[in-house]
1. Conditions first: (1) under 29 Å from residue 23 (Cα atoms); (2) among the hydrophobic types (A, V, I, L, M, F, W, C); (3) crowded, with 16+ Cβ neighbours inside 10 Å; (4) touching a helix residue (DSSP H, G or I) at 6+ places or on another chain (Cβ under 7 Å). Residue 62 passes all but one, so which condition is the exception?
2. Being in contact with a strand residue (DSSP E or B) (Cβ under 6 Å, 6 or more places away or on another chain) and of a type in the set (Val, Ile, Thr) is the filter here, so list the residues in segment 79-112 that pass it.
3. Residues being surrounded by fewer than 19 Cβ atoms within 10 Å (Cβ to Cβ), touching a residue at least 24 places away in the same chain (Cβ under 8 Å) and not β-branched (Val, Ile, Thr): count how many of those fall in segment 69-85.
4. How many of the residues in segment 150-173 are surrounded by fewer than 23 Cβ atoms within 10 Å (Cβ to Cβ), closer than 20 Å to residue 12 by Cβ and either in contact with a Gly (Cβ under 6 Å, 6 or more places away or on another chain) or not charged (D, E, K, R) (or both)?
5. So residue 42 passes all but one of these: (1) surrounded by 15 or more Cβ atoms within 10 Å (Cβ to Cβ); (2) farther than 30 Å from residue 170 by Cβ; (3) in contact with a Ser or Thr (Cβ under 8 Å, 6 or more places away or on another chain). Which condition number does it fail?
6. Where the second residue is among the polar types (S, T, N, Q) and modelled with pLDDT of 80 or more and the first is closer than 26 Å to residue 48 by Cα and lies in segment 5-29, which pairs have Cβ atoms under 9 Å and are six or more apart or on separate chains?
7. Condition test on residue 113, is it part of a strand (DSSP E or B), over 18 Å from residue 146 (Cβ atoms), in contact (Cβ under 8 Å) with a residue 60 or more places away in the chain and not charged (D, E, K, R)?
Amino acid sequence: MAGIDLYWLPLGAGGHSVRLNGIVFEAVVAALQRRPRLGLYHAALEVTTPDGRWVIEQAPAWHDGADRGVVAEGAVGLRAAGRLRLFRYEVRCWRDGTIPDLAEAVESPRRVAEGEEHGRRLLELVPLAPAATWGRDELRAGEMWNSNSLVSWLLVRAGVDVESIRLPRNGRAPGWQAGVVVARRP
């Protein structure tokens with residue numbers, strides 16, 4: 001059973017503000033790109049090894065993170081705004097953790113790697129992942145950094161073939177390519 005599972009969660013699942021902002025964001029981007037609007041998705045991972053099961057996710061840092069396996073934090077929107085908890089995110093590597101809104105996941109889980117080698121490597125990488133400002137392109141990857149960037153960065157660095165990973169039908173994952181680009185840099 002050891003391996004890595006990817007979950008696609010609709011952006012804003014379980015919350016109205018993020019969902020509304022996502023709809024507006026996608027409407028503007030779709031209009032600028034002259035294409036139909038697509039569903040937006042947020043990626044999360046579950047890693048299983050013989051030692052246990054971990055949830056890896058990037059989410060708002062609104063509470064003390066000790067009980068959620070928080071290994072890093074970063075700013076949201078503007079680096080200076082990150083001084084306020086409201087404008088920070090956390091990177092979680094949570095043993096026996098849960099993925100909020102898992103019941104709303106689409107075309108999930110997707111097994112992206114079998115065996116314990118990729119999973120162990122990925123778990124080692126989580127605290128080393130870039131903590132770039134969410135929603136910005138500080139790393140010059142051509143796309144904003146967000147939770148999808150974290151997940152794709154981890155998968156590439158762990159040796160998982162991300163080119164074979166499909167997005168949900170009629171959906172996109174903003175930031176995914178940023179993680180791929182940054183992970184492939186020397």
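1. Among (1) under 29 Å from residue 23 (Cα atoms); (2) among the hydrophobic types (A, V, I, L, M, F, W, C); (3) crowded, with 16+ Cβ neighbours inside 10 Å; (4) touching a helix residue (DSSP H, G or I) at 6+ places or on another chain (Cβ under 7 Å), residue 62 violates only (3).
2. Those that are in contact with a strand residue (DSSP E or B) (Cβ under 6 Å, 6 or more places away or on another chain) and of a type in the set (Val, Ile, Thr): 91, 99, 106, 112.
3. 5
4. Within segment 150-173, residues that are surrounded by fewer than 23 Cβ atoms within 10 Å (Cβ to Cβ), closer than 20 Å to residue 12 by Cβ and either in contact with a Gly (Cβ under 6 Å, 6 or more places away or on another chain) or not charged (D, E, K, R) (or both) number 4.
5. The one condition residue 42 does not meet is (2).
6. That search, which allows pairs on different chains as well, returns 5/48; 5/108; 6/108; 7/108; 8/108; 9/108.
7. Working: part of a strand (DSSP E or B): yes; over 18 Å from residue 146 (Cβ atoms): yes; in contact (Cβ under 8 Å) with a residue 60 or more places away in the chain: yes; not charged (D, E, K, R): yes.
When the stated conditions are applied, residue 113 passes them.
The values are calculated or read from the model by the stated rules, or taken from the named source; none is laboratory data. Predicted model only: the values in this text are computed from it and were never measured. Using ideal geometry, Cβ is built from the backbone for each residue, glycine included, and neighbour counts are taken over all protein chains shown.
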